[in-house]
Amino acid sequence: MGLIGDGKKSKSWQRLSFSRQQTKTGALEQERATSRRVLRLGLVSFHVLFVTALIIADRFNGPELGIGEKLDQGLELFGMVVIIHVVMFLLVRSFHPEILVPGPRFRQFFLLIAFSLAAARLLLFQEWVPSAYLVPFPLLAMTLALIYNGRVAVHAMGAVLIMFGMMIFTDAAFVSRTALAARYSLPEPTTLVVAQFIGCLVAILGVHKIRTRTRLVTIGLLSGFAQSFTILLLSPDKLTTLERLTKFALDGDAGYGMLNGIISGILVTSALPYIERIFDVTTDMRLIELADTNRPLLHQFSLLAPGSFQHSLMVGQLAEEAAGSIRANSLLARVGALYHDVGKMMKPLYFVENMTAGDNVHDRLSPEMSRLVVISHVKDGLKIAREEKLPKSIIDMIPMHHGTSVVEFFFNKKMRQSQNGEDCSSDEQKDRTREAFRYPGPKPTFREAGILMLADSVEASSRVLSEPTPARIRQHVRKIIQLRMAQGELDDCELTMRDLGKIEDAFVRVLAAIHHGRIKYPDEDGGTKVPSPSPPSSGDGSKSNGSNRDGSRPKSSPAEKSEVPRVPEADSKTAPKSPVDPPTRKKETPEKGGGEKPAEESLKVPMTPSSGARRRS
């Protein structure tokens, strides 16, 4: 992908091929693509001229050089700027070609660079700016890393700092020949560029995953420390004595480098909400804010459609675990799951998880009408998400979690009705009906959206498993994943077979934990009888030391607390013996002339009246 195009022309014999025949629509699309390339070339050319003007701005003001010399130096600097832009363009094209597609991101990329160099130019000769080390280039580095990614930020900052070094070099040459030499002391360009680049690298690496706003200030502090340390290493003449070192570190360029990093961190922290809104950046901090279930939208969602809200919570848990297993953005997957069914709050009673028992609205509707209502929750969700100004990635996940799948239940219902009425005459009619019951899409285009589609299908269908053992859960999850693969819904989301295997393991772990086994508690109809709060008295007048229905121990006197709990004799005589009743362990009291009976023996030998008499004796 070049600035204008690939430059390839189709040969005469290639035009004879059917694939090379161009329709009117294709010709119009090619014209639009050509115009976009021309606009892109014009923007880059203007950027090159603008940066060149910033670098040589003060060189044409001095009377020392003639017009010819000024023109020669201007052309020389223009050539260097062109070379820098070409190298940056090739690096970005090799690693991230999507940025070079004409659009908002492409314009924002070059506008940020131009604005930063213009601001640096203005700050360079301001009287209240004592050093060029105070130009906050780590601010630009962190902004580019937040908007794009770390690699793009590294390539861009390398080009920006080289051009800034050229600006410092030409200004230093100009200042040394004018009366400004008494007022300004510009630093060595090499030291400045290297120190700023090291500080920018630390800032770029630090903003990879930010969960708190205070971390940005910490990253700025580390960036300033890196700059200060680099300046000290590149200035050995300042390290001769302790006094010179202290003065240089506190009141010299090293101190200014530290202050530069701190200022950059504070500025990024203050401007981050505006960066997120203007450039539509989805940072981890913004995702954490959106994951708060006390937000008005999610709170209203939980009230109007409680079943759908609980389903979204469970899907979020599945998606987060699966995304973490393949090193995707687990926080994005969880937040996308929270909002993927938010459109159901517009018509909550038309979805089974929100219906009351025995009342199904769809029994009174035709399959076509049910299809329209069910599919409409995607459009309603998109409308709500845009009104709430959610990030673009979250908005994209709302239609992608269904992709182009078919509303199978109502499609099958329509097929049954057609067969009963003998309206399904051919396979072509069935295919047209299937297409009518299909979601509009699009299919998932990134990994988190694909994970959300699988998690939504697995969670909804796993609720009908009769015996959710780990083996059955794994078989069910594998069936869902293979079905989505066969339908082609995962073709565009960059999920590999290894990723799908890890996602399957993650789903099985979470679902096995959700459907974990529990012991069956005793009740009054079967099993062991639960003692009542006030049991009947036995023949000798002793009381059972049972527990209340709420699990608390009944109040007793001090004398009763010292007695050993015993099973009432009346129970042992009158209680029927059933072969299916489980044996109950009873606490034995020591007998005369011997020790306590083993617990195994008490489970095998049945209770007899004589044994009860021996206990009372």
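Looking only at region 125-141, decide whether some residue is in contact (Cβ under 8 Å) with a residue 40 or more places away in the chain, in a helix (DSSP H, G or I) and open to solvent by 50 Å² or more (accessible area, probe 1.4 Å). Looking through region 125-141, none of the residues is in contact (Cβ under 8 Å) with a residue 40 or more places away in the chain, in a helix (DSSP H, G or I) and open to solvent by 50 Å² or more (accessible area, probe 1.4 Å).
Does Leu483 qualify as being in a helix (DSSP H, G or I) and open to solvent by less than 20 Å² (accessible area, probe 1.4 Å)? No: the conditions fail for Leu483. Selection of region 267-281 for residues being assigned to a loop (DSSP other than H, G, I, E, B) and either within 18 Å of Glu387 (Cβ to Cβ) or open to solvent by 70 Å² or more (accessible area, probe 1.4 Å) (or both) yields only Asp280.
Among the helices (runs of 4 or more DSSP H) confined to region 286-363, the ones with at least 3 residues that are among the hydroxyl-bearing types (Ser, Thr, Tyr) are located at 306-325. When region 311-352 is filtered for residues that are small (Gly, Ala, Ser), closer than 28 Å to Arg371 by Cα and touching an Asp or Glu at 6+ places or on another chain (Cβ under 8 Å), the ones remaining, listed by number, are Ser312, Ala319, Ala333, Gly336, Ala337, Gly343.
Just one of the listed residues (Arg151, Arg105) is assigned to a helix (DSSP H, G or I), at pLDDT below 85 and farther than 19 Å from Glu188 by Cα, namely Arg105.
Just to verify a result, which residue in region 34-54, among those that are without any contact (Cβ under 8 Å) to a residue 60 or more places away in the chain and either over 22 Å from His85 (Cβ atoms) or open to solvent by 50 Å² or more (accessible area, probe 1.4 Å) (or both), is farthest from the chain's Cα centre (by Cα)? Within region 34-54, the match that is farthest from the chain's Cα centre (by Cα) is Ala53.
Report the residue count in region 461-508 for those that are touching a residue at least 12 places away in the same chain (Cβ under 8 Å) and of a type in the set (Val, Ile, Thr). Residues flagged as touching a residue at least 12 places away in the same chain (Cβ under 8 Å) and of a type in the set (Val, Ile, Thr) within region 461-508 amount to 6. Entry remark, region 425-480: residues being of a type in the set (Val, Ile, Thr) and modelled with pLDDT under 90 number 3 in total. Mind checking which residues of region 370-388 are within 21 Å of the chain's Cα centre (by Cα) and either open to solvent by less than 20 Å² (accessible area, probe 1.4 Å) or in contact (Cβ under 8 Å) with a residue 12 or more places away in the chain (or both)? Val378, Gly381, Leu382, Ile384, Ala385, Glu388 - these are the residues of region 370-388 that are within 21 Å of the chain's Cα centre (by Cα) and either open to solvent by less than 20 Å² (accessible area, probe 1.4 Å) or in contact (Cβ under 8 Å) with a residue 12 or more places away in the chain (or both). Looking only at residues in region 453-480 that are of a type in the set (A, V, I, L, M, F, W, C) and under 21 Å from Tyr339 (Cβ atoms), the one that is surrounded by the fewest Cβ atoms within 10 Å (Cβ to Cβ) is Ala460. Of the candidates Ala27, Ala57, the single residue that is at pLDDT 60 or above, over 36 Å from the mean Cα position of the chain (by Cα), in a loop (DSSP other than H, G, I, E, B) and not acidic (Asp, Glu) is Ala57.
Of all residues in region 464-480, those satisfying the criterion of being in a loop (DSSP other than H, G, I, E, B) and of a type outside the set (Val, Ile, Thr) are Leu465, Ser466, Glu467, Pro468.
Annotation note: Cβ proximity below 7 Å between a residue of region 403-420 that is without any contact (Cβ under 8 Å) to a residue 60 or more places away in the chain and hydroxyl-bearing (Ser, Thr, Tyr) and a residue that is assigned to a loop (DSSP other than H, G, I, E, B) and open to solvent by 20 Å² or more (accessible area, probe 1.4 Å) (sequence gap 6+ or interchain) occurs for Ser418/Cys424.
Among the criteria (1) under 24 Å from the mean Cα position of the chain (by Cα); (2) open to solvent by less than 20 Å² (accessible area, probe 1.4 Å), the one Phe411 does not fulfil is (1).
Answer with yes or no whether Met400 is farther than 30 Å from Tyr274 by Cβ, crowded, with 16+ Cβ neighbours inside 10 Å and under 30 Å from the mean Cα position of the chain (by Cα). The answer is no for Met400. Applying the set (1) surrounded by fewer than 19 Cβ atoms within 10 Å (Cβ to Cβ); (2) in a helix (DSSP H, G or I) to Ser116 leaves exactly one unmet item: (1). Being at pLDDT 80 or above, hydrophobic (A, V, I, L, M, F, W, C) and within 16 Å of Met166 (Cβ to Cβ) is a property that Ala33 lacks. Within region 442-452, the set of residues being crowded, with 24+ Cβ neighbours inside 10 Å and part of a helix (DSSP H, G or I) comprises Glu448, Ala449, Gly450, Ile451, Leu452.
When Ile262 is tested against (1) buried (at least 16 other Cβ atoms within 10 Å of the Cβ); (2) under 20 Å from Ile395 (Cα atoms), just one condition goes unmet, and that condition is (2).
Taking the residues in region 492-509 that are charged (D, E, K, R) and more than 23 Å from Asp341 (Cα to Cα) as candidates, determine which candidate is surrounded by the most Cβ atoms within 10 Å (Cβ to Cβ). Looking at residues that are charged (D, E, K, R) and more than 23 Å from Asp341 (Cα to Cα), I get Asp499.
So that you can scan it fast, the table gives a plain yes or no per residue for (1) modelled with pLDDT under 85; (2) part of a helix (DSSP H, G or I); (3) acidic (Asp, Glu):
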{"site": "Gly158", "(1), (2), (3)": "no, yes, no"}
{"site": "Leu180", "(1), (2), (3)": "yes, yes, no"}
{"site": "Ser185", "(1), (2), (3)": "yes, no, no"}
{"site": "Thr190", "(1), (2), (3)": "yes, yes, no"}
{"site": "Cys200", "(1), (2), (3)": "no, yes, no"}
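The values are calculated or read from the model by the stated rules, or taken from the named source; none is laboratory data. Worth saying up front: this structure is predicted, and the values here are computed from it rather than measured. As a convention, Cβ positions derive from the backbone with ideal geometry for all residues, glycine included, and neighbour counts pool all protein chains shown. For the accessible areas, the whole protein counts, side chains as well, though only heavy atoms, and no ligand, DNA or RNA atoms are used. Shrake-Rupley method; radii C 1.70, N 1.55, O 1.52, S 1.80 Å.
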